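Structure first, commentary second.
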Amino acid sequence: EVKQRLIERTARLNATFDLSPDGFAVFDAHGELITVNPAFRALVGEVPAECARLPDFDRWFATLCESPGSCSTVAEAVNRRAHDRIVLVQPTRKVIEREVRRNLGGSGETIVYMRDITHQSEIDRLKSEFLATAAHELRTPLASIVGFTELMLHRDYPPARQKELLATVHRQGMLLSSLIQELLDLSRIEARQGKDFHIVPTPLPLLVDSVVQAMSSDELGQK
């Protein structure tokens, strides 16, 4: 019965190991590679037979990295007990998160865990770019609103000209409101993994004309 329970437990662990989307490599207490799961091979490729020992594995793995000189060894990762973010350029470009643990309570195996975070990193990059662009774009309508309102406060204009200036302020205010709404939608965009982005062609002449019209006031230029 004990033997049967051990067989069943081993089968469950092997199934979990094989089906995991994250990569695992296990080295014995002497630094010899015991096994890797399919996800590990999908991330970094097949480990060469001559790289089955930890020092050789470290040298081989460094050749897969974007910055080989800054890629820490497995032993260094064990001592830090921290997550490493590594950019791979081979076999394909990926961003992975690596963690290493040594099984001190068992036979001294070293377990290398790797997770593909390429998509997560891309989403973070897009979010950072979006925030930087939004911050820049927010200043543009604000400059127009402040500039035109200051002109109207300090100078007297005919009713027709006042209406024109107020229309420009209103237009820039609506643009500012739209940008703020996009910022509020950021969490929803992130939750839906960018599926709410709709890329559509925009006629460049219309875009340029609208910008020129908003910024072409002689009074604003003199101000």
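If M114, M215 are ordered by their accessible area, calculated over protein heavy atoms with a 1.4 Å probe, which sequence runs from highest to lowest?
From most exposed to least exposed: M215, M114.
Sorting L126, L166, L54 by accessible area (1.4 Å probe), largest first, what list results?
Most to least solvent-accessible, the answer reads L166, L126, L54.
Which length gain, in nm to one decimal place, applies between R155 and S178 when the Cα-Cα distance is subtracted from 0.36 nm times their residue separation?
Extra length from R155 to S178 when fully extended: 5.3 nm.
Report, to the nearest 10°, how far helix 118-154 tilts away from the longest principal axis of the Cα atoms in the chain, using its own Cα long axis and a range of 0 to 90°.
10 degrees
Would you mind putting 143-156, 89-102 in packing order, based on average other-beta-carbon counts within 10 Å, highest first?
Result, highest mean Cβ count within 10 Å first: 89-102, 143-156.
Quote the relative contact order of the range 1-88 in percent (integer), defining contacts as alpha-carbon pairs under 8 Å separated by 6+ residues.
Values: 68 pairs, mean separation 15.0, N = 88.
It rounds to 17 percent for the range 1-88.
Express the carbon and sulfur contribution to the solvent-accessible surface of the range 130-191 as a percent, rounded to the nearest whole number, probe 1.4 angstrom.
Looking at the range 130-191 in its full context, I get 64 percent from C and S.
If I compute solvent accessible area with a 1.4 Å probe over the protein chains, what percent of it on the range 1-88 is carbon and sulfur?
Of the solvent-accessible surface of the range 1-88, carbon and sulfur hold 56 percent.
Helix 2-19 versus the longest principal axis of the chain: what angle, 0 to 90°, nearest 10, using Cα atoms?
Helix 2-19 and the main axis of the chain meet at about 30 degrees.
Can you check what the net charge comes to around L179, using other residues whose Cβ is under 11 Å from the Cβ of L179 (Lys, Arg +1; Asp, Glu -1)?
Charge balance near L179 sits at -2.
Solvent-accessible area per residue for the chain at a 1.4 Å probe radius, Å²?
Here the residues of the chain average 66 Å² of exposed surface.
Before rounding to the nearest 500, sum -39500 (n - 2.57) across all DSSP H runs of length at least 4 in the chain and divide by the residue total; then give [θ] at 222 nm in deg cm²/dmol.
Estimated from H runs of four or more residues: -18500 deg cm²/dmol.
Under the definition of Cα pairs under 8 Å and six or more residues apart, what whole-number percent is the relative contact order of the chain?
Numbers: 222 pairs, mean separation 31.3, N = 223.
Averaging sequence separation for qualifying contacts and normalising by length gives 14 percent for the chain.
The values are calculated or read from the model by the stated rules, or taken from the named source; none is laboratory data. A quick note: this is a predicted structure, and the numbers were derived from the prediction, not measured. Don't worry about glycine lacking a Cβ; one is built from the backbone with ideal geometry, like all the others, and counts go over all protein chains shown. The area values use the complete protein model at the heavy-atom level, side chains included, leaving out ligands, DNA and RNA. Shrake-Rupley method; radii C 1.70, N 1.55, O 1.52, S 1.80 Å.
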